[in-house]
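> One structure, pasted below without further comment.
What follows is calculated from the coordinates using simple rules that are stated; it is not laboratory data. Predicted model only: the values in this text are computed from it and were never measured. Neighbour counts are summed over all protein chains in view; Cβ atoms, including those assigned to glycine, are modelled from backbone coordinates with ideal geometry.
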Ligand SMILES: NC(=O)c1ccc[n+]([C@@H]2O[C@H](COP(=O)([O-])OP(=O)(O)OC[C@H]3O[C@@H](n4cnc5c(N)ncnc54)[C@H](OP(=O)(O)O)[C@@H]3O)[C@@H](O)[C@H]2O)c1
């Protein structure tokens, strides 16, 4: 059996190009440049890279990108005020706060402070409510990217049994809502699994599509999946390695080499789901600008 290695890098480039073209025609019609503000609290090196990449990608798509770097000591009150200013700004159409936040700041309060019409991360309860009602406005970027990867790789989830491993608010839960929606890219029968799921293997081995988002390196093994399965690996885990200069390498939640042999299609880590997240964020930002311009 020939396995397709799903190229997230290539697909994300295609989407970025589509967004750049649409941004250009939007600007020509409305004389408005979509603006994305990304707030980073603290100086975690991995988060700094993610945030810088989001700003760069926004600018490359013809949008205005702004990163607001704040010290980890910033107070919750000051952060709420900064969000309020961005909510009122005419130049900023999308606001994203890079999570996690330091423990003295309530993530819930911060997410709820963002004006839902600028919530391009789709995490505000108003937007997650719309998604669970089956009428989404902003779909969180990672689940949206996963649906896109499936659709663009001849793996439409319609009528399929999908096992999702992990029920986080940023991946598993919104993804379960998305793939079970009564619409294109939906209509799947979803098993949403988590750490309290009993007989996990019994579920995964019967699934047509397995999506792993748990954060445990190489958790999904070849004996857990059926022949011809489609596997989407969301996990990004650092494991020690003497083979790289950095002293670590990135692996997913799936034991790639063995699971690949049974798969019809599979995403690699890195280069699978990861690149899609930024592309979908840009799409949400453009959509936010369109909504705010009526
Ligand atoms: N590619 C991307 O763009 C992207 C984006 C986001 C996240 N990620 C990566 O995806 C992974 C998951 O991230 P997250 O933020 O969604 O995770 P998270 O908030 O840490 O949640 C992990 C989930 O996995 C479940 N889980 C843990 N152990 C399990 C087990 N043995 N069996 C079944 N389920 C188990 C947990 O169950 P409980 O709820 O019962 O605790 C929880 O629902 C991480 O590696 C993260 O880096 C990648």
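> Using the reciprocal of the averaged 1/r over all distinct C-alpha pairs, how large is the Kirkwood radius of segment 79-206 in Å?
Values: mean 1/r = 0.0626 Å⁻¹.
That comes to 16.0 Å for segment 79-206.
> Using the alpha carbon gyration tensor of segment 1-157, what are the three equivalent-ellipsoid semi-axes (square root of 5 times each eigenvalue), largest first, in whole Å? Don't skip to the answer; put the middle values down first.
Details: eigenvalues 154, 76, 59 Å².
Equivalent ellipsoid semi-axes, largest first: 28, 20, 17 Å.
> For the chain, with a Gaussian network of springs between Cα atoms less than 10 Å apart, report the residue from 114, 15, 105 with the top mean-square fluctuation.
So, out of 114, 15, 105, the one fluctuating most is 105.
> Could you work out the pair-distance distribution P(r) of segment 169-294 from its alpha-carbon pairs, with 5 angstrom bin width and percents rounded to whole numbers?
2, 10, 16, 20, 20, 14, 8, 6, 3, 1, 0
> Which value does Rg/Rh take for the chain over its C-alpha atoms, Rh per Kirkwood? Don't skip to the end; give the middle numbers.
On the way: Rg = 19.2 Å, Rh = 19.8 Å.
Ratio value, two decimals: 0.97.
> Could you tell me the calculated FRET efficiency between residue 59 and residue 223, based on Cβ-Cβ distance and R0 = 35 angstrom, to the nearest 0.05?
Details: r = 46 Å, r/R0 = 1.31.
That gives a FRET efficiency of 0.15.
> Quick one: order 17, 286 by neighbouring beta-carbon count within 10 Å, fewest to most. Could you put the intermediate results ahead of the total?
Working: 17 12, 286 24.
Placing the least packed residue first, the sequence is 17, 286.
> Turning to a different aspect of this structure: Could you line up 181, 1, 276 from fewest to most neighbouring Cβ atoms inside 10 Å?
Fewest-to-most ranking of 181, 1, 276: 1, 181, 276.
> Hey, another quick one. As a footprinting exposure proxy, order 38, 239 by other Cβ within 10 Å, with the fewest listed first. Please report the intermediate quantities before stating the final value.
Details: 38 24, 239 10.
Lowest count first: 239, 38.
> So what is the 222 nm mean residue ellipticity for the chain from helices alone, if each DSSP H run of at least 4 adds -39500 (n - 2.57) and you divide by all residues, rounding to the nearest 500 deg cm²/dmol?
On the way: 10 runs with 115 residues, N = 294.
Estimated from H runs of four or more residues: -12000 deg cm²/dmol.
> A follow-up question, please. Looking at segment 165-294, what % of its DSSP beta bridges pair antiparallel, to the nearest 5? Could the numbers behind the result be given before it?
On the way: 4 of 14 bridges.
Of those bridges, close to 30 percent are antiparallel.
> If you don't mind, another one. Relative to the longest principal Cα axis of the chain, at what angle does helix 274-292 sit, 0 to 90 degrees, rounded to 10?
The answer is roughly 40 degrees.
> Would you report the distance distribution of C-alpha pairs in segment 32-115 as whole percents per 5 angstrom bin, up to the bin with the largest distance?
Whole-percent P(r) values from 0 Å outward: 3, 15, 28, 24, 19, 9, 2, 0.
> Further question: Going by Cα centres, segment 101-142 and segment 218-294 are how many Å apart?
23 Å
> Determine, for each peptide in 39-47, 142-150, 223-231, the mean count of other beta carbons within 10 angstrom over its residues, then list the peptides with the highest first.
Values: 39-47: 15.2, 142-150: 25.2, 223-231: 18.7.
Those peptides, ordered most packed to least, come out 142-150, 223-231, 39-47.
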